[in-house]
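The values are calculated or read from the model by the stated rules, or taken from the named source; none is laboratory data. Since this is a predicted model, take the numbers as computed values, not measurements. As a convention, Cβ positions derive from the backbone with ideal geometry for all residues, glycine included, and neighbour counts pool all protein chains shown. To get the accessible areas, we keep the full protein, side chains included, count just its heavy atoms, and leave off ligands, DNA and RNA. Shrake-Rupley method; radii C 1.70, N 1.55, O 1.52, S 1.80 Å.
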Amino acid sequence: MEEARKGVLGHLKMLEMEANNLELKQQELRRRGRQEELNANLQALLSKRDQLKAEIKANTSLQKMRTLLDRTGVPYERNEDVDNLEDGSDNSQLLLMMARHTQLKDLLHAHHLIGGYDVLQTRKGKGVCVSLATAYEGVYLETYNLEIDLGSNLRICRHNIPPFIPLERLVTQGNMQTDIRDFLDTLSQYLNAYAGRKQQLHLTKEIHSSVQVAESNALCTILVLMFTIPGEKAEAALCTLQYANHTQRLPTRVNIESEDTALVSSPQWKKNQALLLETPLHTALVTMKKTGSIA
């Protein structure tokens, strides 16, 4: 009986030792696994560090190349900055392409910000030239240009805007310093409205030979026309069109005078008056000729 008890105790002790050894082995495996995990994390962090260092170096070089490109427009001008960048022809060419790419992206972004107007850098990046095209009925007309100095305050240094366009007032009212897009949009409205009125006058002279232009001003905001009235009597009517809103192509007031007062107060000529207010001049005259109102 005693021997049997000793045998059971010995077996239990052996099992306990095996359990302890297994626990030690598991702890060792866990320690090695943890160590391997830490080593892997360390390698990942070192790799990330090297990557960040490379990106910082590349961005610094790219910024130097971009600065040189903006300042001179010639990236290979011999100076200390380029000497430091040219650690290899392939790298230099790659940096140049990347610098030009970022420059193009910035120009496109500026192009979007100012409403899609054509923009060119001037004076080696110290200014920009903005082109404002005008068009009427799908036909491109004149193009006007503004050269803007990119100093601490935006300033128009050169332009070919017609003198009768209130440019200085638009600069002040449009607050060019804080919202250049709004300023350019307003200026474009003035220019396109002027171009449209001018083109309507040109088409009127070209298409309607019987209509005489008695008077017009440079801005085409006042037009005085002489109509010939068909009939046995050689009657005429004087039509004055006033464009009080200089951002619009249609008149705000139409006045028709004739010695025959009954003519101008007739329903047909009331319609003609409304037509001239709502329709481009040369188009309205075509309709008036078809209805027999004018020769």
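Please go through (1) closer than 25 Å to Q268 by Cβ; (2) free of Cβ contacts under 8 Å to residues at least 24 places away in the same chain; (3) surrounded by 12 or more Cβ atoms within 10 Å (Cβ to Cβ) for S209 and return the number of the only condition it doesn't satisfy.
(3)
If you go through segment 138-155 one residue at a time, how many are more than 18 Å from the chain's Cα centre (by Cα) and under 14 Å from T186 (Cβ atoms)?
Adding up the residues that qualify gives 0.
Checking L187 against (1) under 30 Å from L150 (Cα atoms); (2) loosely packed, with under 13 Cβ neighbours inside 10 Å, only one condition comes out false. Which one?
For L187, the failing item is (2).
I'm checking my understanding of the structure. Among residues of segment 221-266 that are of a type in the set (G, A, S) and under 48 Å from the mean Cα position of the chain (by Cα), which one is nearest to T279 (Cα to Cα)?
Just the residues of segment 221-266 that are of a type in the set (G, A, S), to begin with: 231, 234, 236-237, 244, 258, 262, 265-266.
Those still in the list that are under 48 Å from the mean Cα position of the chain (by Cα) too: 237, 244.
Working: A237: 19, A244: 16 Å.
In this case the residue turns out to be A244.
State yes or no: is I180 over 21 Å from the mean Cα position of the chain (by Cα) and surrounded by 17 or more Cβ atoms within 10 Å (Cβ to Cβ)? Walk me through it before giving the result.
Numbers: over 21 Å from the mean Cα position of the chain (by Cα): no; surrounded by 17 or more Cβ atoms within 10 Å (Cβ to Cβ): yes.
Spelling it out, it is not the case that I180 is over 21 Å from the mean Cα position of the chain (by Cα) and surrounded by 17 or more Cβ atoms within 10 Å (Cβ to Cβ).
Could you tell me whether segment 183-202 includes any residue that is in contact (Cβ under 8 Å) with a residue 40 or more places away in the chain and in contact with a Pro (Cβ under 6 Å, 6 or more places away or on another chain)?
yes
Could you identify the single residue in A274, A284, A234, A262 that is open to solvent by less than 70 Å² (accessible area, probe 1.4 Å), at pLDDT below 95 and aliphatic (A, V, I, L, M)?
Working: A274 fails: at pLDDT below 95; A284 fails: at pLDDT below 95; A234 fails: open to solvent by less than 70 Å² (accessible area, probe 1.4 Å).
It is A262.
Would you say E168 is loosely packed, with under 14 Cβ neighbours inside 10 Å and more than 26 Å from the chain's Cα centre (by Cα)?
Working: loosely packed, with under 14 Cβ neighbours inside 10 Å: yes; more than 26 Å from the chain's Cα centre (by Cα): no.
No: the conditions fail for E168.
Yes or no, residue by residue, for (1) under 41 Å from the mean Cα position of the chain (by Cα); (2) modelled with pLDDT of 80 or more; (3) aromatic (F, W, Y); (4) surrounded by fewer than 10 Cβ atoms within 10 Å (Cβ to Cβ):
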| position | (1), (2), (3), (4) |
| --- | --- |
| L22 | no, no, no, no |
| Q43 | no, yes, no, no |
| K53 | yes, yes, no, no |
| I56 | yes, yes, no, no |
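I need a count of the residues in segment 105-153 that are open to solvent by 40 Å² or more (accessible area, probe 1.4 Å), among the aliphatic types (A, V, I, L, M) and at pLDDT 85 or above.
The qualifying residues number 3.
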